[in-house]
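Undergrad: Here you go, one structure.
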Amino acid sequence: MLLKKMKLLNFRQFIGEQTVEFATDENKNVTVIMGENGSGKTTLAQAFTWCLYGNTDFDDKLVLNRNLERQLLPGNECVVKVEIDLTHGKTDYTIIREQVYRRELTGKIKVEKPELKIKYKKDGQQEFVRPYEVDFIVKQILPMELSRYFFFDGERIGNMSKEINKKGRSDEFAQAVRGLVGLNALIKALEHLKPTSRHSVIGSYNKDYDFNSDVRITQYTKEIEDYQDKLEKIDQRLNEIENEKQIAQSKCDELNIKLSQLPDTERLQKEKEKLQAKLEQTQNAYASAVSSLLKQFNKSAASYFSQSLIKNALESLSKSEKLDKGIPDIHARTIEFLINRKICICGTKIEVGNEAYNELKKTLEYIPPQSIGNSIAQFVKESESRTRYAGDFFDTFINQYATIRDYENNILQFQSDIDVIEKQMEGNERAAGVVQELRRYKKVISDRQHERDELNQKKGSIKTSLDRAITERKELTLRDERNKKIEVYRTYALRVFEELSLTYKQKESETRKNLEININEIFKSIYNGGMSLTIDDRYNIQVFVKDEIGISNDVETSTAQSISIIFAFIAGIIKMARDNSKKTDDIETVLDTEPYPLVMDAPLSAFDKRRIKAVCTVLPNIAEQIIIFIKDTDGEIAEEHLGSKIGKRYLFDKKNEFETYLMPR
Amino acid sequence: MLFDKEYTFYGIHAEKVRKLTFQFDKKNNSIFLSNVNVYKTAPIIGFLYQRKAELDKTPEIKPTKIFLNEMLNHLNDLKYSYQLIMLLDTKNESSFEERVNKAFRYYGNESEQTLADEQLFEQYVRGGIDVLYEKLIENAVNPEDYLKNLYDFMEEINDRYNSVITDDSILELCRLEI
Amino acid sequence: MKGWKLVMENENNIQIDKTKVKRIIYKLILMEKDNLKTKKYNEAEMIKRIKKAIEEEIECY
């Protein structure tokens, strides 16, 4: 979507008719609007929202200019209008939101409902969209839920920054990824199909079975529904557990930070952190070791277990004389041929009954197609290779297992050392309370883990019972023709669900990884590798800042850090949306999205000077169109770094509290 | 048989195979990575422990399969297990010569006798699954239990069967005069 | 192999036509995308529509 022009009529402080033209040129796609805080940046952004969706975030819902409102005489009316020219898909639209304010004879202000009209131009003709279709068109152009990613005002940036700082996670990320790259459709589809839910497509087919007579079928149905409900509850609880664990974990992190700030415990806390790092490292090593052990087991087990059997088999084979001694590359046909021509290869005459003849006939037993000599030889070769292969396996296994036990012990050791330190810190009065709370949360985490393991076990056995019940019921009901049809539908629905699940998993993981890569690339261009992040499958964000030794004393504040993340995130999303629109694979095009402009309140002052240049260079290359609001003080900076890309410039000229003019510069 | 088609586990053994391939920890580790790994190992174990089991026909239990391409990938291993067992099962056939024939000459020839041998093989497979399940899975709750069970099992096998044989003796035997 | 249905698997003795499955998936995603934008149908209605789409696809030649 490309924004071309916005016309305001009496919208809040923008008195009279004022127009903003947006830069749309490929190379000069930046529009800079400059003004102090309070001069109208937020209002301008809200004008977009009001025009498209009919509402604003302002407490005061009156959008008519205050001066005009005061001057409005009884019996007169005043119009507020916001008109936006944009291009979406291949069509040019003009979106017009108009609201009439009338001063009644009683002196009261009557506010009509704001009216939405859309004009569109196709093939040179300009027409109005039918009234009942306008909302639909707006939803197609930019649904309200997605608009938040492209109209970024300063306050929202602040809020998101708090989220990232405090929780180390942003639901915005998760939602954005899913929504913008089209995964929401997949999620919805999966929800609607879900086999374990009673109210899904598959659940509905389960219910559709005709249970007119058999009481047993009804019983099974109740059983099945019970199991499904139990499974849903368990899944819910598992989700809760995950969240509770994360909350507890972030509390722990908070408390650890507190501890490190208390002067007396600083040393202990540092020690503890070292141990925790070692602990994590060991836990990872442990997990890898287990995986590798099992992988090796799967590769070598069969060969290893066969060792003694192989030995016996080979012994028997070698002892017996029955080992065929085949002659390579000689077939029965060869012998027949030689016998028929009556002369052997060496020249000896072959006659029926003579020695040569008898020898040749005996050979027939040992060569293909009669012989098994080759098969046996093959078998022996295999035996040799298996033995070699399995040779060290047992020793390797024992060693690997020992290593794993070592890791286990080290893990326990680290955990107990950490415990000891915490106890020591408890001795210190100020730290005591914090440490106690820390213990409490740690216990929460480990309790939840236990609960989760138990629940998973339960889940497994309920699933088995559920399958059993479904199969039993199916036996009973399939006798009915109609039920057979439903069974077919259900089977297809299940298959569709399975394929979609696979696709979703792949796509989500792929998309999240892409987002991570994109964001890190943007970081690279701004921070030269000094900052990077990872996003895990629960959308927890971990930021890595490389220590810069003695380069400058401008260390980013944590606000700046999270703003950098947000900025990179927005840029990353936009880039992905653009990349997506170029894909041609069929399921991809079903999920594609259109590139969107980026409208943001640029917190340039949160960045230090080194970064601003990088930020300004990166931005225009990523979004199709940029509309950026900046403060006066940042004006020079923006000119310096964005200069060549700026297509249009405006300035908020605030005359007084109620009148602001948008002036082109 | 010939191990060239899709294979299905039924009844209680299907359930045990599922448990043997169950992912027991956060990193999705399982003792056996897939059904075909169980199928490769089970007959050997069944024969070692001299355990056979009949086909369980409990209809309520969902079967579990090994798809064709996996069977084909492991065809050699499966064939090898079959031949090994045919060679060694004296209770099935006392004459060594006949056992050699069963392993090599009659392999896959679809005769009544061969089909009976294949059924025998399947019984060892199921018996092996029973053993593996008992030893590795039955009493395991935590991830650590699975690993410990596996370790104990490996030790048991080693002590009982492999500790006297060295690799060299086997490799020596392999160098037969052919 | 135009016109050949790709019958891939037996699920409980029911033959599944892979082409149909793909068509169902495609239709389903389109429906969901559309409804996400327009919010025209509620959950129960969507489920009905999905069922209908599946059944139609299966019954067609």
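The values are calculated or read from the model by the stated rules, or taken from the named source; none is laboratory data. Everything numeric here is computed off the predicted structure, so don't read it as measured data. For neighbour counting, all protein chains shown are included, and Cβ atoms are generated from backbone atoms with ideal geometry for every residue, glycine included.
Undergrad: Can you find, within segment A:112-146, the residue that is modelled with the lowest pLDDT among those that are within 24 Å of A:V63 (Cα to Cα) and assigned to a loop (DSSP other than H, G, I, E, B)?
TA: A:P143
Undergrad: Of the residues that sit in segment B:131-178 and are modelled with pLDDT under 85 and among the hydroxyl-bearing types (S, T, Y), which one is farthest from B:K27 (Cα to Cα)?
TA: Of everything passing the filter in segment B:131-178, B:S169 is farthest from B:K27 (Cα to Cα).
Undergrad: Does segment B:140-151 contain at least one residue that is outside any helix (DSSP H, G or I), of a type in the set (A, V, I, L, M) and within 14 Å of chain A (Cβ to nearest Cβ)?
TA: yes
Undergrad: While we're on this one: How many of the residues in segment A:373-409 are of a type outside the set (A, V, I, L, M, F, W, C) and more than 18 Å from A:S291 (Cβ to Cβ)?
TA: 17
A quick yes/no check of all residues on (1) at pLDDT 80 or above; (2) farther than 22 Å from A:S501 by Cα; (3) charged (D, E, K, R):
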| residue | (1), (2), (3) |
| --- | --- |
| A:V201 | yes, no, no |
| A:N212 | no, yes, no |
| A:I217 | no, yes, no |
| A:D229 | yes, no, yes |
| A:K233 | yes, no, yes |
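Undergrad: Here's a follow-up. Inspect segment A:274-287 for any residue being buried (at least 17 other Cβ atoms within 10 Å of the Cβ), in a helix (DSSP H, G or I), among the β-branched types (V, I, T) and at pLDDT 85 or above and give the result as yes or no.
TA: yes
Undergrad: Among the residues of segment A:391-445, how many are assigned to a helix (DSSP H, G or I), among the polar types (S, T, N, Q) and closer than 30 Å to A:P263 by Cα?
TA: The total comes to 6.
Undergrad: Moving to a separate point now. Select from segment A:78-96 the residues that are in contact with a strand residue (DSSP E or B) (Cβ under 9 Å, 6 or more places away or on another chain) and not in a strand (DSSP E or B) and list them in ascending order.
TA: A:K90
Undergrad: In segment A:279-314, what count of residues is obtained for those that are of a type in the set (V, I, T), facing chain B (nearest Cβ under 7 Å) and more than 16 Å from B:L33 (Cβ to Cβ)?
TA: 1
Undergrad: Would you be able to tell me the number of residues in segment A:492-520 that are under 17 Å from A:F567 (Cα atoms), crowded, with 17+ Cβ neighbours inside 10 Å and either out of contact with any Ser or Thr (no Cβ under 7 Å at 6 or more places or on another chain) or at pLDDT below 80 (or both)?
TA: Summing the residues that are under 17 Å from A:F567 (Cα atoms), crowded, with 17+ Cβ neighbours inside 10 Å and either out of contact with any Ser or Thr (no Cβ under 7 Å at 6 or more places or on another chain) or at pLDDT below 80 (or both) in segment A:492-520 gives 5.
Undergrad: Now, a different point. If you go through segment A:95-104 one residue at a time, do you hit one that is at pLDDT below 85 and of a type in the set (D, E, K, R)?
TA: no
Undergrad: Continuing with the same structure: Using beta carbons and a limit of 8 Å, which pairs, at least six apart or on different chains, have the first residue in segment A:381-398 and facing another protein chain (nearest Cβ under 8 Å) and over 16 Å from A:N298 (Cβ atoms) and the second one of a type in the set (G, A, S) and part of a helix (DSSP H, G or I)?
TA: A:S383/A:A313; A:T387/A:S303
Undergrad: In segment C:15-47, how many are in a helix (DSSP H, G or I), of a type in the set (D, E, K, R), surrounded by 13 or more Cβ atoms within 10 Å (Cβ to Cβ) and more than 8 Å from chain A (Cβ to nearest Cβ)?
TA: So the answer is 5.
Undergrad: Related question: Can you find a residue that is within 22 Å of B:D145 (Cα to Cα), within 10 Å of another protein chain (Cβ to nearest Cβ) and not in a loop (DSSP other than H, G, I, E, B) anywhere in segment B:43-63?
TA: Yes, segment B:43-63 has at least one match.
Undergrad: Please identify the pairs in which a residue from segment A:638-665 that is touching a residue at least 12 places away in the same chain (Cβ under 8 Å) has its Cβ atom under 6 Å from the Cβ atom of a residue that is surrounded by 13 or more Cβ atoms within 10 Å (Cβ to Cβ) and among the basic types (K, R), counting only partners at least 6 apart or on another chain.
TA: A:H641/A:K613; A:K645/A:K28; A:G647/A:K28; A:F658/A:R66; A:T660/A:K654; A:R665/A:R649
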